[in-house]
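First the structure, in the form of structure tokens, and then the observations on it.
The values are calculated or read from the model by the stated rules, or taken from the named source; none is laboratory data. All of these numbers come straight from a predicted model, not from anything done at the bench. Here the Cβ positions follow ideal geometry from the backbone for every residue, glycine too, while neighbour counts run over all protein chains shown.
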Amino acid sequence: MVEEYCRGCLEASAGLALNPVPDSVFSRMAACFPWNGSKLEMCRTVLRDLVGCGVESLVSWGSITLPWGRVLGKGHASIVSLGYYDNRIVAVKIRRTDSKHKSFQSEGILQESAWRAGVAPRVYCYRDNVIVMDLLEGIPLGDLPVLTKGDVSVILSSAYALDKAGIHHHEISRPWKHVYLTDANAVIIDFGSSSYGYCRNLPSITGSLLRRVGIEISESLKSLLSTYKHGCNSRLYLSIRDFVLGYFN
């Protein structure tokens, strides 16, 4: 099945002297996804970035099944594979050959800043085509049947921390696949469309959480959120948090 799906990809990358990653058929398939005969140099570059970052191997594992193996995640710009790095299990984000994003460099920098703020997976290495990070163990917000007061509290706290770090996550208004609840806190992922900017995450996610439970934002809360956007004031954050928590059990 693998050879039928991507025989050209395997043959084209078989001669690359880039041990140990390309020795794995799965690694080569992941680096060349989706295969296009005109993207040979892109495949080679991805493999070089994997080796350059010190990735020891990629592993077929995850909930998403592709014709040649399983991965942790698949989007329009990348796939995420389980991997080994420095004798630890990690997640490896790999740029798709048809991605409109030219590089992961900016995303890697922003995620590293978010990790230092305590709200994103740790980044070990990033290149144009690869980000090596901690494997996230948690529940995506969209899979929670019910949002509790405790859940909402840690979600708002992480959004506020991201605001204070000066990062605007442009997808956080749709947090269901971008925010995970762990045993410790709420972790935010996918910084590909993020940018530097202040005080937008808390207002965005507040609206999403309230709409999830069918609550319209009151004029009083709108006023608080509007003022908060002009400086991420800590007292305003606490007022907003307490206001929102009042809607949950």
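See the values below:
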read-out	value
Condition broken by residue 178, with the remaining ones in (1) under 30 Å from residue 32 (Cα atoms); (2) crowded, with 22+ Cβ neighbours inside 10 Å; (3) not hydroxyl-bearing (Ser, Thr, Tyr) satisfied	(2)
Restricting region 225-241 to residues that are of a type outside the set (D, E, K, R) and in contact with a helix residue (DSSP H, G or I) (Cβ under 7 Å, 6 or more places away or on another chain), the residue that is farthest from residue 149 (Cα to Cα)	227
Hits in region 107-139 (condition: without any contact (Cβ under 8 Å) to a residue 24 or more places away in the chain and of a type in the set (Gly, Ala, Ser))	108
The listed residue being touching a residue at least 24 places away in the same chain (Cβ under 8 Å), at positive phi and among the small types (Gly, Ala, Ser), out of 142, 166	166
Set 130, 123: member being farther than 30 Å from residue 231 by Cα and not assigned by TED's automatic domain parsing to the domain that holds residue 207	130
Residue in region 42-58 that is surrounded by the fewest Cβ atoms within 10 Å (Cβ to Cβ), counting only those that are assigned to a strand (DSSP E or B) and not polar (S, T, N, Q)	56
Answer from 150, 142 - the residue that is touching a helix residue (DSSP H, G or I) at 6+ places or on another chain (Cβ under 6 Å), surrounded by fewer than 17 Cβ atoms within 10 Å (Cβ to Cβ) and not hydroxyl-bearing (Ser, Thr, Tyr)	142
Considering residues of region 11-41 that are hydroxyl-bearing (Ser, Thr, Tyr) and part of a helix (DSSP H, G or I) only, the residue modelled with the highest pLDDT	27
